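Trainee: Let me begin by handing over the structure; questions about it come next.
The values are calculated or read from the model by the stated rules, or taken from the named source; none is laboratory data. Keep in mind the model is a prediction, meaning the values are calculated, not measured. We place every Cβ from the backbone using ideal geometry, glycine too, and count neighbours over all the protein chains shown.
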Amino acid sequence: MSMGIPEVEDAGCLLCFGYNGADSHPIVARRIVRGRQKGMKIICVDPRVTETARISDIHLQLKGGSNLALVNAMAHVIWEEGLTDDRFIQEHTKGYDEFLKVIEKYTPEYAEPITHIPADMIRQAARMYATTKPAMILYGMGVCQFSQAVDVVKGLANLALMTGNFGGPSMGIGPVRGQNNVQGACDMGALPNSYPGYQNVTVPEIREKFEKAWGVPLSDKVGCPITHVPHRILHEKDEKKRIHAYYIFGEDPAQSDPDLAEVREALDKCDFVVMQDIYMNKTGLYADVILPATAWGENEGVYTCADRGFQRFRKLIEPEGDLKPDWQIIAEISTAMGYPMNYKNTEEIWNEMIDLCPSFAGATYEKLEKYNGVQWPCRDKSMEDKGTPYLHKGGNFATADKKALFYGTDWHPPLEMENDEYPMSLSTVREVGHYSVRTMTGNCRMLRSLEDEPGWVQMNPDDCKRLNLEKGELVKILSKRGYCITRCLPTERVKPGATYMTYQWWIGACNELTLANLDPISNTPEYKYCACRVEKIEDQEWAERHVKELYDDIRVQMGIDTGKGAAS
Amino acid sequence: MALKQVQTTCPYCGAGCQIMFTVDADANKIVEAVPAPGRTNDGTLCLKGHYGWDYLNDPQILTKRLRKPMIRKGGKRSPLEEVSWEEAISYVAKKLSEIKEKYGPDSIMGTGSARGAGNEANYLMQKFMRATIGTNNVDHCARI
């Protein structure tokens, strides 16, 4: 996020795009509510009536998969009506004229049939965003989980650049990161193209710096993105490029990744799968080795939250059982392979890391303790450098000439559109009580009591009526790739023809249906759009029994004693 | 009962809320979680912050907590057998070394973790893949 989370409530206008804070980040959503109480204007772009939509001034309930058409049309209105910040464009940006050539045709009338939003509403939204200062954009997976995702992120940045909404507090654009430490895993270079601190593996001077620090030659080839792994196991012809070993650390691809049938086949065919985790999970069923790690609460270190904030996490209780902290397991394997890693504690690792990363160099444990956290960039070790609440101060961007680049592209639809066989669309979403693959929240008694298997499919009441479905009834939902059983949830929050499911359920596993169609730059799958069909199950008694049996079977596989004897 | 208070960062979403825990050190159990005045949460928490730590008690609801290293000695689909850490570490090291030797470093993929493990463990994981294995095949769930 270019801004800090506390700044959200002081924006003059919030463009909340494909971001459902009430379910994914309740504490950020609270800032949005507080902003509203202070008079903040809210434009909500979401195909569902989210909580943010309910308190918005304008809700653009667009057709799923039409994001870029809407963003380009808003840019068109801002340009056509002269609502641009011309001085900012001139002093701090490049590529504006080329960008205008792209958005020229995106009149609101052109976008209306694509987005299903009346042209006048697009005009009103664009005017509100451009004329209310400071204006902030928050976005979420409703932007990123499409095959056209990076283009939309750039499109949103274009809006902020055109209107001079960068360089001060409560403005800019903010991807509100999902997991507690997804920002941190990126910061640390758990990415195929960058070392820690966003330093590219293909730049010779940077590679030499790391080679010198680590004392070994390093590869100059960009690595394999995680979403290419099934293909690289199953279909790669070159033996040297085929993935033969997969060391999975703190993830559950057999639940969280798209097209689960393909993921299972890949894990099954992979010669050697190592899983390092805290709880048994679906991926564990395919692991050749399982390494048990300490959990949050039993170990310590630093996380990075969504707004670049480094914060300490601390040990609460002593681990029980034969567990080791993740960093120690990795260090021991490395040492056994002939590359010794000897660290006494997390601070030693942290100190090695910050000295290799100019943007993090000043974020010492001492400062994290004293200031209760530091937002990067923090370049200087002196106690005066307390970090950076918002980026691009004064319109200075992180490019060689400090100028931001406009980047315009044309809209294209998602890959798999509704058709005769699969007439509805499916998008994956979140719910507030459960988290990710739910091995944590599903094992918390209070949270588990909120929702349980097999989850729900959200559908418009008209569709339910057409299919003769009642609330709570078990239904079968299918795509070209697979199917699952879940419960029908009629809700006016969603538009006819569209369905929504959360991805943490084992039985109502929507990733059996999703499609591994990737954005060409981010390699993120199109979780937010595939074609599906909902079928009524006539024999509900059988279906209820079947779901219960499936649930018991999986729990037994996961090592739970259900009274029928636990499996190993 | 020796009660102690420890402040930490919530393990769920990216909001980075600060929580103050009361811990019974003798029983090695968490007693209570209350919001702390963190920069982002400003003395508030959501339901996961309040109640999301019970999994540390291993209540045997959904899945079993992993407590010992395990290996499928008879290959895929054979039962998992508990082993010592020494055996598990040397087995993983041997298998990865063999695969690296036979097919080259780019035949091995590793992931980071965006969840509980923290930045230091992620730093070591990517260092392990890059320096020990010799590949940039490391990624995590940011893109999924």
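To keep it simple, each residue is scored yes or no on (1) in contact with a Cys (Cβ under 6 Å, 6 or more places away or on another chain); (2) buried (at least 20 other Cβ atoms within 10 Å of the Cβ); (3) under 19 Å from A:G140 (Cβ atoms).
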{"position": "A:L515", "(1), (2), (3)": "yes, yes, no"}
{"position": "A:E526", "(1), (2), (3)": "no, yes, yes"}
{"position": "A:I537", "(1), (2), (3)": "no, no, no"}
{"position": "A:H546", "(1), (2), (3)": "no, no, no"}
{"position": "A:L550", "(1), (2), (3)": "no, no, no"}
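Trainee: Given the options A:P258, A:P230, A:P217, name the one that is out of contact with any Ser or Thr (no Cβ under 8 Å at 6 or more places or on another chain) and buried (at least 23 other Cβ atoms within 10 Å of the Cβ).
Mentor: Working: A:P258 fails: out of contact with any Ser or Thr (no Cβ under 8 Å at 6 or more places or on another chain); A:P217 fails: buried (at least 23 other Cβ atoms within 10 Å of the Cβ).
Answer to the check: A:P230.
Trainee: Related question: Exactly one condition in (1) in a helix (DSSP H, G or I); (2) within 22 Å of A:I42 (Cβ to Cβ); (3) under 28 Å from the mean Cα position of the chain (by Cα) is false for A:F99; which is it?
Mentor: Looking at each condition in turn, A:F99 falls short on (2).
Trainee: A further question follows. I'd like to check something: does region A:427-436 contain any residue that is buried (at least 22 other Cβ atoms within 10 Å of the Cβ), over 23 Å from the mean Cα position of the chain (by Cα) and in contact (Cβ under 8 Å) with a residue 12 or more places away in the chain?
Mentor: Taking every residue of region A:427-436 in turn, none turns out to be buried (at least 22 other Cβ atoms within 10 Å of the Cβ), over 23 Å from the mean Cα position of the chain (by Cα) and in contact (Cβ under 8 Å) with a residue 12 or more places away in the chain.
Trainee: Please enumerate the residues belonging to region B:107-124 that are in a helix (DSSP H, G or I) and either over 12 Å from the mean Cα position of the chain (by Cα) or more than 7 Å from chain A (Cβ to nearest Cβ) (or both). Talk me through it step by step, then tell me what you get.
Mentor: Let us first name the residues in region B:107-124 that are in a helix (DSSP H, G or I), namely B:107, B:119-124.
Result: B:S107, B:Y123, B:L124.
Trainee: Quick check: anything in region B:11-24 more than 7 Å from chain A (Cβ to nearest Cβ) and in contact with a Ser or Thr (Cβ under 8 Å, 6 or more places away or on another chain)? Before you say what the answer is, go through the steps one by one.
Mentor: To start, the set of residues in region B:11-24 that are more than 7 Å from chain A (Cβ to nearest Cβ) comprises B:18-20, B:22, B:24.
In the following step, the residues that additionally are in contact with a Ser or Thr (Cβ under 8 Å, 6 or more places away or on another chain) were identified as B:18-19.
Yes, there is a match, as at least one residue in region B:11-24 is more than 7 Å from chain A (Cβ to nearest Cβ) and in contact with a Ser or Thr (Cβ under 8 Å, 6 or more places away or on another chain).
Trainee: Could you list, in sequence order, the residues of region A:208-244 that are among the aliphatic types (A, V, I, L, M), within 9 Å of chain B (Cβ to nearest Cβ) and either in contact with a Gly (Cβ under 9 Å, 6 or more places away or on another chain) or part of a helix (DSSP H, G or I) (or both)? Steps first, please.
Mentor: The first filter runs over region A:208-244 and keeps only residues among the aliphatic types (A, V, I, L, M), leaving A:213, A:216, A:218, A:222, A:226, A:229, A:233-234, A:243.
Checking which are within 9 Å of chain B (Cβ to nearest Cβ) leaves us with A:216, A:218, A:222, A:226, A:229, A:233, A:243.
If the condition is that a residue be among the aliphatic types (A, V, I, L, M), within 9 Å of chain B (Cβ to nearest Cβ) and either in contact with a Gly (Cβ under 9 Å, 6 or more places away or on another chain) or part of a helix (DSSP H, G or I) (or both), then A:V216, A:L218, A:I226, A:V229, A:I233 are the ones that fit.
Okay, residues lined up against (1) aliphatic (A, V, I, L, M); (2) assigned by TED's automatic domain parsing to the domain that holds A:V153; (3) surrounded by fewer than 20 Cβ atoms within 10 Å (Cβ to Cβ):
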{"residue": "A:Q375", "(1), (2), (3)": "no, no, no"}
{"residue": "A:K386", "(1), (2), (3)": "no, no, yes"}
{"residue": "A:N396", "(1), (2), (3)": "no, no, yes"}
{"residue": "A:A400", "(1), (2), (3)": "yes, no, yes"}
{"residue": "A:L405", "(1), (2), (3)": "yes, no, yes"}
{"residue": "A:G408", "(1), (2), (3)": "no, no, no"}
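Trainee: Hey, another quick one. From the list A:I32, A:I42, pick out the single residue that is surrounded by 24 or more Cβ atoms within 10 Å (Cβ to Cβ) and under 24 Å from A:A130 (Cβ atoms). Walk me through how you get there before you give the answer.
Mentor: On the way: A:I42 fails: surrounded by 24 or more Cβ atoms within 10 Å (Cβ to Cβ).
When all the criteria are applied, what remains is A:I32.
Trainee: Within region B:38-59, how many residues are assigned to a loop (DSSP other than H, G, I, E, B), closer than 14 Å to A:M440 by Cβ and facing chain A (nearest Cβ under 7 Å)?
Mentor: Of the residues in region B:38-59, 3 are assigned to a loop (DSSP other than H, G, I, E, B), closer than 14 Å to A:M440 by Cβ and facing chain A (nearest Cβ under 7 Å).
Trainee: Which of the residues that make up region A:1-28 are within 18 Å of the chain's Cα centre (by Cα), buried (at least 24 other Cβ atoms within 10 Å of the Cβ) and over 22 Å from A:G184 (Cβ atoms)?
Mentor: If the condition is that a residue be within 18 Å of the chain's Cα centre (by Cα), buried (at least 24 other Cβ atoms within 10 Å of the Cβ) and over 22 Å from A:G184 (Cβ atoms), then A:C16, A:F17, A:G18, A:N20 are the ones that fit.
Trainee: Take residues that are charged (D, E, K, R) and either surrounded by fewer than 24 Cβ atoms within 10 Å (Cβ to Cβ) or more than 13 Å from chain B (Cβ to nearest Cβ) (or both) and tell me which of the helices (runs of 4 or more DSSP H) falling wholly in region A:134-187 contain 2 or more. Outline the logic, then answer.
Mentor: Values: elements: A:141-144, A:150-162, A:182-187.
Helices (runs of 4 or more DSSP H) meeting the threshold: A:150-162.
Trainee: When you check A:A287 against the structure, is it more than 8 Å from every other protein chain (Cβ to nearest Cβ), touching a residue at least 24 places away in the same chain (Cβ under 8 Å) and over 22 Å from B:D54 (Cβ atoms), yes or no? Working first, answer last.
Mentor: Numbers: more than 8 Å from every other protein chain (Cβ to nearest Cβ): no; touching a residue at least 24 places away in the same chain (Cβ under 8 Å): yes; over 22 Å from B:D54 (Cβ atoms): yes.
Taking the combined requirement at face value, the residue does not satisfy it.
Trainee: A further question follows. Looking at A:S522, A:S449, which one is free of Cβ contacts under 8 Å to residues at least 12 places away in the same chain and within 14 Å of chain B (Cβ to nearest Cβ)?
Mentor: Values: A:S522 fails: free of Cβ contacts under 8 Å to residues at least 12 places away in the same chain.
That would be A:S449, the only listed residue that is free of Cβ contacts under 8 Å to residues at least 12 places away in the same chain and within 14 Å of chain B (Cβ to nearest Cβ).
Trainee: Now for a separate question. For region A:188-207, which positions are on the phi < 0 side of the Ramachandran plot and either surrounded by fewer than 19 Cβ atoms within 10 Å (Cβ to Cβ) or in a strand (DSSP E or B) (or both)? Talk me through it step by step, then tell me what you get.
Mentor: As a first pass, look at region A:188-207 and keep what is on the phi < 0 side of the Ramachandran plot: A:188, A:190-196, A:199-207.
Of everything in region A:188-207, those that are on the phi < 0 side of the Ramachandran plot and either surrounded by fewer than 19 Cβ atoms within 10 Å (Cβ to Cβ) or in a strand (DSSP E or B) (or both) turn out to be A:L191, A:N193, A:S194, A:Y195, A:Q199, A:N200, A:T202, A:V203, A:P204, A:E205, A:I206.
Trainee: Yes or no: region A:206-225 includes at least one residue that is farther than 23 Å from A:M353 by Cα and among the β-branched types (V, I, T).
Mentor: no
Trainee: Looking only at residues that are basic (K, R), in a helix (DSSP H, G or I) and within 33 Å of the chain's Cα centre (by Cα) in region A:515-568, which one is nearest to A:K154 (Cα to Cα)? Walk me through it before giving the result.
Mentor: Restricting attention to region A:515-568, the residues satisfying the condition of being basic (K, R) are A:528, A:533, A:536, A:545, A:548, A:555, A:564.
Adding the requirement that they be in a helix (DSSP H, G or I) leaves A:545, A:548, A:555.
Narrowing the set further to residues that are within 33 Å of the chain's Cα centre (by Cα) leaves A:548, A:555.
Details: A:K548: 46, A:R555: 44 Å.
Among those that are basic (K, R), in a helix (DSSP H, G or I) and within 33 Å of the chain's Cα centre (by Cα), it is A:R555.
Trainee: Being facing chain A (nearest Cβ under 7 Å), modelled with pLDDT under 95 and over 30 Å from A:V374 (Cα atoms) is true for just one of B:L62, B:L66. Which residue is that? Even if it seems obvious, please write down each step before you answer.
Mentor: Numbers: B:L66 fails: modelled with pLDDT under 95.
Every option except B:L62 fails the conditions.
Trainee: Which residues, counting only those in region A:49-78, are closer than 19 Å to A:Q458 by Cα, of a type outside the set (K, R) and assigned to a helix (DSSP H, G or I)?
Mentor: Initially, region A:49-78 is screened for residues closer than 19 Å to A:Q458 by Cα, giving A:49-54, A:61-65.
Narrowing further to those that are of a type outside the set (K, R): A:49-53, A:61-62, A:64-65.
Hits for region A:49-78 are A:E51, A:T52, A:A53.
Trainee: I need every pair where a residue in region A:15-44 that is away from chain B (no Cβ under 14 Å) and free of Cβ contacts under 8 Å to residues at least 40 places away in the same chain has its Cβ under 6 Å from the Cβ of a residue that is of a type outside the set (D, E, K, R) and crowded, with 24+ Cβ neighbours inside 10 Å, sequence separation at least 6 or different chains.
Mentor: Correct list of pairs: A:M40/A:A11; A:M40/A:L14; A:I42/A:L14; A:C44/A:C16; A:C44/A:T52.
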